[in-house]
Amino acid sequence: MKIEIIPAIDIIGGQCVRLTQGDYARRTVYSSDPVEIARSYEAIGIRRLHVVDLDGAKAAAPQNLDTLRKIATATKLDIQYGGGIKSGEALEAVLEAGANRAICGSIAITEPERFEEWLAAYGAGHIILGADTKGGKVAINGWLDSSETDVQTIVRRFAAHGLRQVICTDISRDGMLGGPNFGLYSTLQTEFPEVDVTVSGGIASQDDLVRLNEMGLRSVIVGKAIYEGRITLKDLEKCLQNG
């Protein structure tokens, strides 16, 4: 399997949680030890970890950097971290705490010129666009608000400035275990072949991973399906070995 599987750890108050459709009131706590979870992924051969600071997304500044430091110290995982990165200071803090890649969402909508500056200064390998969609429009501020911009428009703008990775979450499917929006990701990857489109939201089974791989998608984030036992660590290990 060529597609890169990226397990997700969503953090509130230092604990691993999952929200349903981005709703903070609909949360489930899965573990009080994100480091242990990260180590379990590394042990089966996972190379990259997706860490979302949900407190940071709400507070508009990273809030769980201590947890990030612990994961970075305890593992050799390539960590991509998002949530509240809305200033140069926040971006620096996230990278210094051990993230190799910073996921920037709201800032790309509210201050696109600054996002372009970050792409130029840090390089496309370290800056990821988080373009999460709600009803066809990009959602911002921890998914609490919607913009008037669609995903294609924002990706097109930043691709011209060197963007090479976008994580697109279909919020209506996130945490629902009903399968991803295959059409959305196929369309995006076809339209922007130079950009790695990371699938996020709705992954429910190994079959979803196989189908995305066959469609030519390059990376996929898996969260709730792992915690709910729909996809086991053994399943992930088999997928990696088949790669």
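Key figures for this structure:
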quantity	calculated
Lys/Arg +1, Asp/Glu -1 at C-beta; the stretch 41-101 dipole; positive extreme among Ala57, Val94, Ala72	Ala72
Projected-area mean, the stretch 145-243, by convex hull of Cα positions, square nanometres	6.9 nm²
Estimated vicinal HN-Hα couplings, Hz - the stretch 14-27 in sequence order (Karplus 6.51, -1.76, 1.60; Gly, Pro = x)	x, 10, 7, 9, 9, 9, 9, 6, x, 8, 4, 7, 10, 10
5 Å-binned pair-distance histogram of the stretch 1-55 (Cα, whole percent)	4, 20, 27, 22, 15, 9, 3, 0
Test item: Cα-centred dipole of the chain, Lys/Arg +1 and Asp/Glu -1 on Cβ, debye	460 debye
Expected 222 nm ellipticity per residue - DSSP helices of 4 or more, -39500 (n - 2.57), all of the chain, to 500	-10500 deg cm²/dmol
Projected-area average for the stretch 67-175 over all orientations - Cα convex hull basis, square nanometres	6.9 nm²
At 1.002 mPa s and 20 °C, Stokes diffusion of the chain via Kirkwood alpha-carbon radius, µm² per second	122 µm²/s
Charged-residue dipole, Cβ positions (Lys, Arg, Asp, Glu), the stretch 36-174 about Cα centre, Debye nearest 20	420 debye
Cα pair distances in the stretch 22-78, grouped into 10 Å bins until the bin that holds the longest one, percent each	21, 48, 28, 3
Cut-off under 5 Å, modelled amide H: who pairs with Ile79 long-range	Leu49, Asn100, Arg101
Those lysines that a straight Cα-Cα span of less than 26 Å connects to Lys238, excepting residues fewer than 8 apart in one chain	Lys2, Lys76, Lys224
Longest site-free stretch - the chain; sites: trypsin sites (Lys or Arg not before Pro), DSSP loop, at most 15 other Cβ within 10 Å	77-243
Selected from Gly82, Gly136, Gly175 as most flexible by GNM, with the chain as the system and alpha-carbon contacts under 10 Å	Gly136
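The numbers here are math on the coordinates, done by the rules we state, and not lab data. Note that the coordinates shown come from a computational prediction; the quantities given were computed from them, not determined experimentally. Neighbour counts are summed over all protein chains in view; Cβ atoms, including those assigned to glycine, are modelled from backbone coordinates with ideal geometry.
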